[in-house]
Amino acid sequence: MRGSTTIAEKVGPVEFAGLLNRFYEVAMSALIPKRAIIDKMIGDEVMAFFVPAAKIPMQDAAMDAAMKILKGVGYGTGEEPWLPVGIGINHGKAYVGKVGTDDVNDFTALGDTVNTASRLQSEAKAGQIVVSESIYSEIITQYPNVPVQNIDVRGKEEKFGVHVIAPFD
């Protein structure tokens, strides 16, 4: 969600919680049917990942879910979306499992792939899906001629190639 601090300040905590729950409902209805694993709902963000063995390639599943999320918050209707959302998608290997101690632990996904996806998400403006080269190479036929942009990704020594897809512009 973009501008969540400003939104929360304007609407107050109860209405903001309702808005987040509405967003979570949209995200879950887009992700779960695509066999995504919901890692966490972090305030104004949903982190999910896909594992191999689904019937459709993970890259396609992620992109389909991203499009459904944008449509679910109102992009493509000809009116202003009810929530400004930007999405980042990356593909690669990650550690998936339990981390923590015996007393406090979490099941999560970790690693460079996950960190990079988070950075891509932070680059996405409202209505955009920022995808890595490894995602774009699999979806290029659906979204041809989207030029590569080399961006600085916090924590990476070299620029990182991404494609910014704004399907409803």
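Within segment 101-123, restricting attention to residues that are more than 11 Å from N90 (Cβ to Cβ) and of a type in the set (S, T, Y), the residue that is nearest to the chain's Cα centre (by Cα) is S122. Within segment 68-111, if we keep just the residues that are in a loop (DSSP other than H, G, I, E, B) and touching a strand residue (DSSP E or B) at 6+ places or on another chain (Cβ under 9 Å), the residue that is nearest to R22 (Cα to Cα) turns out to be G86.
Among all residues of segment 95-102, there is none that is under 27 Å from D169 (Cα atoms) and surrounded by 14 or more Cβ atoms within 10 Å (Cβ to Cβ). In summary, Q59 fulfils each of the numbered conditions (1) within 23 Å of H163 (Cβ to Cβ); (2) part of a loop (DSSP other than H, G, I, E, B); (3) touching a residue at least 60 places away in the same chain (Cβ under 8 Å) with the single exception of condition (2).
Residues in segment 46-72 that are surrounded by fewer than 21 Cβ atoms within 10 Å (Cβ to Cβ) and β-branched (V, I, T): 2 in all. Of all the numbered requirements in (1) more than 24 Å from G3 (Cα to Cα); (2) in contact with a helix residue (DSSP H, G or I) (Cβ under 6 Å, 6 or more places away or on another chain); (3) buried (at least 20 other Cβ atoms within 10 Å of the Cβ), Y136 misses one, and that requirement is (2). Residues considered: I7, I38. Of these, the only one that is surrounded by 14 or more Cβ atoms within 10 Å (Cβ to Cβ), in a strand (DSSP E or B) and of a type in the set (A, V, I, L, M, F, W, C) is I38. Total residues in segment 1-45 satisfying the condition of being within 23 Å of M58 (Cα to Cα) and of a type outside the set (A, V, I, L, M, F, W, C): the figure is 9.
Since every read-out is calculated from the coordinates, none of them should be taken as a lab result. It should be emphasised that the depicted structure is a prediction, and the values quoted were computed from it without experimental measurement. Cβ: placed from backbone, ideal geometry, glycine included. Neighbour counts: every protein chain shown.
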